[in-house]
Every structure is written in structure tokens, then in C-alpha cells.
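Read the structure below first, then the notes.
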Amino acid sequence: MHHFRYAKGQLYCEDVPVSELVSQHGSPLYIYSSKTLVDHYSRLDHALSDLDHLICYAVKANSNLGILNTLAKQGSGYDTVSEGELMRVQSAGGRMDQCVFAGVGKTEQEIEFALRKGIYSFNVESIPELERIDRIAGRLKKIAPISVRVNPNVDAKTHAKITTGTYENKFGIAFEEVEALYARIARMKHLEIKGVQMHIGSQLTQVKPFVDAVRKMLPLIKRLQASHDLKFFSIGGGLGIVYDPALASGTAKWWKSSEAKGILTPETYAQKLVPLLKPLGLRILLEPGRFIAGNAGILVTRVEYVKNTGQKHFVIVDAAMNDLIRPSFYEAFHEIVPLKRKRGKSIATDVVGPICESGDTFCKNRLLPPVKEGDHLALLSAGAYAFTMASNYNTRPMPAEVLVQGAEHVVIRKRQQTRSLFRGESLPEW
Ligand code: LLP
């Protein structure tokens, strides 16, 4: 569900016409709906109310301080993967003791930072990392709270670049090795075993891989509980969202239509998983990113040129793969709609950016209403893995970001100044 909809032929974010935001703040522009963020958070929170649980929002999905702060007010925890993300959480008013820290390559500096900040747990991905954390904790005279990321070797059946739970991937410790490893950790002086973690992949649209992975983990966790004082089991993130068509189903019918299409809802997720998890008596952690932020954002872009080659109809816009890389990188679908509803026969259109690569394409041969120079289009479902994956490729400044709440809005990140992109560079003296 989300709060982007048409009223009187105009696209609104909550109670604000998107065109007004673009006139005020320029293009390209990321726009987020705080109501959508909160709705998604609460919906998941509510679905899991039978469990002692903590939602640790995956910061990598959208790490803007304004977004993190909105979730902090809901009591959210955070799944982080770098010192930078931990710093962001702290600056946004989030609780460090509700942060987990994941990732296969934590540096010494990052581990020390996280230990000093008193995070909830490290999600450890390898034996050398365990040894490193133990050593640093010893030096700081601290006890490091840890859980091991278990690789359950379950195929999440999602895009190859975002599947993580099989032995083909670099993540976690192989399922068969975990028990012996916990026995070894128990003997390490500066580590405290707090839990067990898993994450099998992202953009999962069926509940079955989650159920399969949890079922596989249960006997292992029970055996671990017999000899270790486990506090939590983190089942990771991965809940998928509807990208196509995000707008057509409308706000009210959203969840119903998702269910009808067999797409995963928080209720189905909870209905299948809560009965399996509850008997463990552990605190259950979740690490959703996309589910919370994905449908809460759009990227607005201006039509610069319409180019008809006879063979193809290109709409060249001012946003590019550096602003939103998902279509180029994962062949991801993002619905594209005009800010003002258009009449006229749809045309098979390629919406492309200005970057000198054929991959700089948002869609190919998609039936879109006719547009002209100066019109604006919105790329929907651009709240997660969109701005956070943006770059300055082609020395393009990153777009501004705006957060809407009701009829109000606030710029939560200013548009980058082009000169700031090379301010830290210098001419060689020789
Ligand atoms: N926990 C761990 C350990 C993760 O690696 C991830 C995502 C999450 C939680 C959150 O997953 P989510 O709930 O958002 O699915 N850039 C890609 C997605 C990469 C996901 C990486 N890990 C995309 O644009 O589709």
C-alpha cells in the first residue's frame, strides 16, 4: 500500500501535488511519503504482535536521516552494515542498543566503533571475523554480543544478484558447521552468544522459502538452546513488494489485490511463521528494508527530448542510471506514470537517461501515454535501493530528497552542488 494517487488528474503524494514539489525543488527529485513508511512498519509490527519481536529496519534500503528518524519514532531497531550506517542511526535519533551489525567484511575500526556504541549484536559471517571481534573486545575490555549468520542453503528463488542463502553465496556459516562453532565460541573469552541469524535473499514474493528455511533452522536452534542461553533468532529481511503495477490497484484495494495475485503480505508471512517461531520462546528479529521503504518513494524526472527514430520512440529524461540503477543492474521493473494524467493513444516507449551507455534505460517498449518536452514522469516504488545506490557517474549531482507528511513537506537532503563533486580533488604539483 502507498499514498501516491491521482486526484483530479494529478499525481499526489499524500495531500501534496507532486508537480508543486517539482516546481519548488527541481528535477530529478526523490519524494517519500512518511504515512506509507509508518503504515508498512505498523502493519508488519501488528501482524507479529503474538511474538516478542523487534523490527530492525535494513538501513541500506534507504538511509536518509529523515527516513531513519521517522522509523525511530515508531520504536524501530536497525540492521546496519557499516560504521557509516551506525553513525546515521545515531544522528537520526535511533537507539544503538537496537542495532544489529551485519556484513562479511567488517573492518577493525568498524568493530571497535560498534563495540563502543553498545550495539545489540554483531551478526558474524566467518570464523576469522569471530576471532577479530574477540580480540578487539578483549583490548577494549568489553564483551561483544554476537550471533552467527547461518547459511541454511535454501534457494530463495529470487534474482541471482540478491539471493544469499545458498552455499554458492559468500554469506554466513554453513548450516552443518554451526553447532560445533557455537561450542567453540562459548570458550572465547570476550564473546557473548546472544542469538542466531539467517537471511536468505531479497524481494521474495512467496512465503515458502521463508517457511522452508525456518523449518530447517528449528531443530538446530533447539539443540543450541540446550547448551547456550540464546536470546533471539533473527529471520532476516527479504519480504518482497509489488512493483507492477504499483498504482493501478489504488490504495484501498492494495493488500486485497496483492493477496489475490498470490503476493506475500505481512499477514500471510505472520500466519505461516508465527506458529513455527513462537514455541522457541525467543525474541524474533526481522530485518526488512524494501518492504518498509520500497513503495514509499518515487523518483520524478523531466522529459528533455522526445526522439522518434522511425524504429523506436525514445523519451529522454533528466534522471539516469546513476540516480536509479535498478532497471540497468537487475532488469528491475519500475512503473512509470505521468504527473498529469494524459489522454491519447499509448505509444511503445523506451524511457532512457542521458548517460552514454545503452544500459541507461528505465524501460523498453513500454506502452506509455504520449509526452512532450517539459512534462514530468514518476518512477514508482523507488523508496528502497534507489537513492542509496545512486552515484555521481558522469559527474552528475545526486537529486534532492523530500519527505511528505499530510499537506506538509520537508527537504531531507539538498540537491548536490556540482562543484562539490570535485572539491576534494587536486591538481598534481609536478
Ligand atoms: N538483512 C540482510 C542480512 C541483508 O543482506 C538484507 C539485504 C536485508 C536484511 C534487507 O533485505 P530486504 O528486506 O530489503 O529485502 N539492491 C538490491 C537489494 C539488495 C539486498 C541486500 N541485502 C535491489 O535493489 O533489489
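The values are calculated or read from the model by the stated rules, or taken from the named source; none is laboratory data. These numbers come from a predicted model, not from an experiment. With ideal geometry, Cβ positions are generated from the backbone for all residues, glycine too; neighbour counts draw on all protein chains shown.
Among the residues of region 393-406, are any surrounded by fewer than 17 Cβ atoms within 10 Å (Cβ to Cβ), under 28 Å from residue 41 (Cβ atoms) and away from the ligand (no atom under 16 Å from the Cβ)? Yes, region 393-406 contains a residue that is surrounded by fewer than 17 Cβ atoms within 10 Å (Cβ to Cβ), under 28 Å from residue 41 (Cβ atoms) and away from the ligand (no atom under 16 Å from the Cβ). Of all residues in region 100-154, those that are buried (at least 23 other Cβ atoms within 10 Å of the Cβ), within 16 Å of the ligand (Cβ to nearest atom) and in a helix (DSSP H, G or I) total 1. For region 45-88, filtered to residues that are in contact with a strand residue (DSSP E or B) (Cβ under 8 Å, 6 or more places away or on another chain), hydrophobic (A, V, I, L, M, F, W, C) and over 30 Å from residue 105 (Cα atoms), the residue that is farthest from the ligand (Cβ to nearest atom) is 51.
Residues are listed down the side, and each one gets a yes or a no for (1) in a helix (DSSP H, G or I); (2) closer than 26 Å to residue 312 by Cα; (3) touching a Lys or Arg at 6+ places or on another chain (Cβ under 6 Å); (4) modelled with pLDDT of 95 or more:
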| position | (1), (2), (3), (4) |
| --- | --- |
| 356 | no, yes, no, no |
| 363 | no, yes, no, yes |
| 371 | no, yes, no, yes |
| 377 | no, yes, no, yes |
| 383 | no, no, no, yes |
| 394 | yes, yes, no, yes |
| 398 | no, no, no, yes |
| 404 | no, no, no, yes |
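This table checks each residue for (1) within 25 Å of residue 121 (Cα to Cα); (2) touching a Leu at 6+ places or on another chain (Cβ under 7 Å); (3) modelled with pLDDT of 95 or more; (4) part of a strand (DSSP E or B).
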residue	(1), (2), (3), (4)
12	no, no, yes, yes
19	no, yes, yes, no
31	no, yes, yes, yes
36	no, no, yes, no
39	no, no, yes, no
46	yes, no, yes, no
49	yes, no, yes, no
60	yes, no, yes, no
68	yes, no, yes, no
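Look at (1) within 16 Å of the ligand (Cβ to nearest atom); (2) at pLDDT 95 or above; (3) surrounded by fewer than 16 Cβ atoms within 10 Å (Cβ to Cβ) and you find that residue 269 fails only one, number (3).
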